[in-house]
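Quick one: structure below, then a few questions.
The values are calculated or read from the model by the stated rules, or taken from the named source; none is laboratory data. Note that the structure is predicted; figures quoted are calculated from it, not measured. Please note: Cβ atoms are built from the backbone with ideal geometry, for glycine as well, and neighbour counts cover all protein chains shown.
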Amino acid sequence: MKYKYTISNYTEDELNKKDEEYEQLVDKLKDLAKDAENQSIVIIDGIKYPTSMLWCDVATTALELANYADWFDRYDQKNNSRKD
């Protein structure tokens, strides 16, 4: 089985990049959840979309955040194994 992530991706520069992206996604999730809770209507290019579209975006963003959290866990495991 070939893994999607390689050990070479676990550098401090990559950690900083992922951390910044993660923070942006957290902010996005907060905004999306707030709009979805308020049952806002989404208008894109003049077309109205239902609140369910916002909830789908909330779920998608949450899954993206879970992937980042998984990457951070692997980064920590790799760095902790180096210290031993």
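Going by the conditions given, is TYR10 at pLDDT 90 or above and either in contact with a helix residue (DSSP H, G or I) (Cβ under 9 Å, 6 or more places away or on another chain) or hydrophobic (A, V, I, L, M, F, W, C) (or both)?
Spelling it out, it is not the case that TYR10 is at pLDDT 90 or above and either in contact with a helix residue (DSSP H, G or I) (Cβ under 9 Å, 6 or more places away or on another chain) or hydrophobic (A, V, I, L, M, F, W, C) (or both).
Among the numbered criteria (1) closer than 20 Å to GLU12 by Cα; (2) not in a helix (DSSP H, G or I), which single criterion is violated by LEU65?
Result: LEU65 fails condition (2) only.
Right, another one. If you check LEU54 against the conditions, is it of a type outside the set (Gly, Ala, Ser), in contact with a strand residue (DSSP E or B) (Cβ under 7 Å, 6 or more places away or on another chain) and surrounded by 14 or more Cβ atoms within 10 Å (Cβ to Cβ)?
Considered against the rule, which asks whether it is of a type outside the set (Gly, Ala, Ser), in contact with a strand residue (DSSP E or B) (Cβ under 7 Å, 6 or more places away or on another chain) and surrounded by 14 or more Cβ atoms within 10 Å (Cβ to Cβ), LEU54 comes out as yes.
I would also like to ask the following. Report yes if TRP71 is of a type in the set (Phe, Trp, Tyr) and either on the phi > 0 side of the Ramachandran plot or under 14 Å from the mean Cα position of the chain (by Cα) (or both), otherwise no.
Yes: the conditions hold for TRP71.
Follow-up. So ILE43 ticks every box in (1) at pLDDT below 90; (2) part of a helix (DSSP H, G or I); (3) β-branched (Val, Ile, Thr) but one. Which box is left unticked?
(2)
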